[in-house]
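Heads up: the structure comes next, in structure tokens.
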Amino acid sequence: MLQKNNLTNLYSKNQILIIVLIIAGLFYAFYLYFEYKETVETGVVVEKIVIRQNCHAYKLSSSVTVKDKGKLYWIKLAHNTCTEYPEGSRIKVEYNKKRDLFLYIVKTPNHKGRIYLLMIFLLISVMPWSCWIPKEKKFSSKK
């Protein structure tokens, strides 16, 4: 096992922080993947009326708002899909009773791609950067 001095020589504090953030992102990506999978398998398809439309371009989160039993629900959608559901239109969504959420099902979800990308970033970040990035040389004024 590496001693603390050897570990700090291999990894900088910034690199350790990046590794921790990527691992947290992986946990969140797995959570979203399994939540989506559970909703697809156990969810019930319902049709709701769109109360509000919040479509944003440029990769910002777009959503529509529906109401069920006096409670408002925000359903995340891609921008192009969001524009297809103006206020007053009907949208088919899956309802997950266990988690009390509505989910718009897409044919090709991006969850696995996000997980693969984060795993690649994790593999790159686990490699000791000090081995392939040279440290700065300090110049002294002594001759």
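The values are calculated or read from the model by the stated rules, or taken from the named source; none is laboratory data. The model shown is predicted, which means the values in this text are computed figures rather than measured ones. Quick reminder, even Gly has a Cβ in these numbers, built from the backbone with ideal geometry, and neighbours come from all protein chains shown.
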* Asked: Only one of (1) exposed (fewer than 10 other Cβ atoms within 10 Å of the Cβ); (2) at pLDDT 90 or above is not met by residue 131, so which one is it?
  -> (2)
* Is it the case that residue 95 is at pLDDT 85 or above and within 15 Å of residue 45 (Cβ to Cβ)? -> yes
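Can you find even one residue in the stretch 110-128 that is in a loop (DSSP other than H, G, I, E, B) and closer than 13 Å to residue 36 by Cβ? Step through it out loud before you land on a result.
Step one: list which residues in the stretch 110-128 are in a loop (DSSP other than H, G, I, E, B), which gives 110, 127-128.
Pick out the ones that are also closer than 13 Å to residue 36 by Cβ and you get 110.
Scanning the stretch 110-128, I find at least one residue that is in a loop (DSSP other than H, G, I, E, B) and closer than 13 Å to residue 36 by Cβ, so the answer is yes.
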* **Matching residues, the stretch 75-115, being surrounded by 11 or more Cβ atoms within 10 Å (Cβ to Cβ), under 17 Å from the mean Cα position of the chain (by Cα) and free of Cβ contacts under 8 Å to residues at least 24 places away in the same chain** => 110, 113
* To do: Starting from residues that are at pLDDT below 75 and not in a helix (DSSP H, G or I), keep the ones in the stretch 1-17 and report whichever is surrounded by the most Cβ atoms within 10 Å (Cβ to Cβ).
  => 2
* **Filtered residues of the stretch 18-37 (kept if surrounded by 12 or more Cβ atoms within 10 Å (Cβ to Cβ) and more than 13 Å from residue 111 (Cα to Cα))** => 18, 19, 21, 22, 23
* **Top-ranked residue in the stretch 41-57 [being loosely packed, with under 11 Cβ neighbours inside 10 Å and in a strand (DSSP E or B); ranked as farthest from the chain's Cα centre (by Cα)]** => 47
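For residue 32, indicate whether it is in contact with a strand residue (DSSP E or B) (Cβ under 8 Å, 6 or more places away or on another chain) and in contact (Cβ under 8 Å) with a residue 24 or more places away in the chain.
On the way: in contact with a strand residue (DSSP E or B) (Cβ under 8 Å, 6 or more places away or on another chain): no; in contact (Cβ under 8 Å) with a residue 24 or more places away in the chain: yes.
No, not satisfied.
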* Being β-branched (Val, Ile, Thr) and touching a Leu at 6+ places or on another chain (Cβ under 9 Å), is that true of even one residue in the stretch 58-65? -> yes
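For residue 25, are the conditions met, namely being at positive phi and either of a type outside the set (Val, Ile, Thr) or in contact (Cβ under 8 Å) with a residue 24 or more places away in the chain (or both)?
Numbers: at positive phi: no; either of a type outside the set (Val, Ile, Thr) or in contact (Cβ under 8 Å) with a residue 24 or more places away in the chain (or both): yes.
When the stated conditions are applied, residue 25 does not pass them.
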